[in-house]
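K.L.:
The following block contains the structure, expressed as structure tokens.
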Amino acid sequence: MPSQVLLNLFIAFLWMFLQDEWRFLTFLSGYLVGLALIFLMRRFFTSVFYVTRLTALIKLIIIFIKELVLSSILVIKQILRPKLYITPGIFKLKTELRGNWEITTLMLLLTLTPGSVVMEVVPEDNLCYIHVMDVPESRDAVISATKTFEKAIMEVTR
């Protein structure tokens, strides 16, 4: 993937040199020509076309922002109640991810969403222990968010 990006940038700069114009639009048109050339020659590369990974990364960021907003609203609702009716707890979650980067990314995304904290990770068994603010409400939400995050992380990394 890095070789594709570098090749695309090289084609864009080469396009600018051949056009003999140092403008952004010339660079952009060269970048688009390079993108088309790399797309047509993608079978010669060993990795996936880098634009697909870039769109998967943008999709992961959008999913994270959505989950962040939804869990923040849930925490705000819990805080603004006159009395706290929460049952905090810890549960075990098995993940399908492999490798340190994938597991670390998932655990960071889960920790960054309000109301849940990853307490321990067992990478050998792909297990993690998560503390949630309200087990009856949050557990299913955390599990569904985890599955969504896992799918999006796998699209980015594999």
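K.L.:
Quick one: what pairs do we get from the stretch 133-147, first residue among the small types (Gly, Ala, Ser), second at pLDDT 85 or above and assigned to a helix (DSSP H, G or I), C-beta under 7 Å, 6+ apart or different chains?
P.N.:
Taking only residues 6 or more apart or on different chains, the pairs are ALA145/GLU67.
K.L.:
Sticking with this structure for a sec: List the strands (runs of 3 or more DSSP E) inside the stretch 46-158, counting only whole elements, that have at least 1 residues being of a type in the set (A, V, I, L, M, F, W, C), in contact with a Lys or Arg (Cβ under 8 Å, 6 or more places away or on another chain) and over 27 Å from LEU6 (Cα atoms). Let's see the steps before the verdict.
P.N.:
Details: elements: 89-94, 116-122, 127-132.
So the answer is 89-94, 127-132.
K.L.:
Continuing with this model, one more query. Suppose we filter PHE24, PHE39, PHE91, PHE44 for residues that are in contact with a helix residue (DSSP H, G or I) (Cβ under 9 Å, 6 or more places away or on another chain), over 30 Å from TYR129 (Cβ atoms), free of Cβ contacts under 8 Å to residues at least 60 places away in the same chain and of a type in the set (Phe, Trp, Tyr); which single one remains? Write out each step before concluding.
P.N.:
Values: PHE24 fails: in contact with a helix residue (DSSP H, G or I) (Cβ under 9 Å, 6 or more places away or on another chain); PHE91 fails: over 30 Å from TYR129 (Cβ atoms); PHE44 fails: in contact with a helix residue (DSSP H, G or I) (Cβ under 9 Å, 6 or more places away or on another chain).
Going through PHE24, PHE39, PHE91, PHE44 in turn, the sole match is PHE39.
K.L.:
Among the numbered criteria (1) out of contact with any Phe, Trp or Tyr (no Cβ under 9 Å at 6 or more places or on another chain); (2) surrounded by 17 or more Cβ atoms within 10 Å (Cβ to Cβ); (3) at pLDDT below 90, which single criterion is violated by ILE103?
P.N.:
(3)
K.L.:
Output yes when any residue across the stretch 69-84 is over 23 Å from the mean Cα position of the chain (by Cα), on the phi < 0 side of the Ramachandran plot and touching a residue at least 40 places away in the same chain (Cβ under 8 Å), and no when none is.
P.N.:
From the stretch 69-84, those over 23 Å from the mean Cα position of the chain (by Cα) are 76-84; that's our starting set.
If we keep only those that are on the phi < 0 side of the Ramachandran plot too, we end up with 76-84.
Going one step further and asking which of them are touching a residue at least 40 places away in the same chain (Cβ under 8 Å), we end up with 78.
For the stretch 69-84, residues over 23 Å from the mean Cα position of the chain (by Cα), on the phi < 0 side of the Ramachandran plot and touching a residue at least 40 places away in the same chain (Cβ under 8 Å): present.
Results for (1) aromatic (Phe, Trp, Tyr); (2) modelled with pLDDT of 90 or more, shown as yes or no for each residue.
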| residue | (1), (2) |
| --- | --- |
| MET1 | no, no |
| PHE17 | yes, yes |
| TRP22 | yes, no |
| THR26 | no, yes |
| TYR31 | yes, yes |
| ARG42 | no, no |
| LYS59 | no, yes |
| ILE65 | no, yes |
| TYR85 | yes, no |
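K.L.:
Inspect the stretch 110-125 for any residue being in contact with a His (Cβ under 8 Å, 6 or more places away or on another chain), buried (at least 18 other Cβ atoms within 10 Å of the Cβ) and in contact (Cβ under 8 Å) with a residue 24 or more places away in the chain and give the result as yes or no.
P.N.:
Among the residues of the stretch 110-125, at least one is in contact with a His (Cβ under 8 Å, 6 or more places away or on another chain), buried (at least 18 other Cβ atoms within 10 Å of the Cβ) and in contact (Cβ under 8 Å) with a residue 24 or more places away in the chain, which makes the answer yes.
The values are calculated or read from the model by the stated rules, or taken from the named source; none is laboratory data. All values derive from a computational prediction rather than experimental measurement. Using ideal geometry, Cβ is built from the backbone for each residue, glycine included, and neighbour counts are taken over all protein chains shown.
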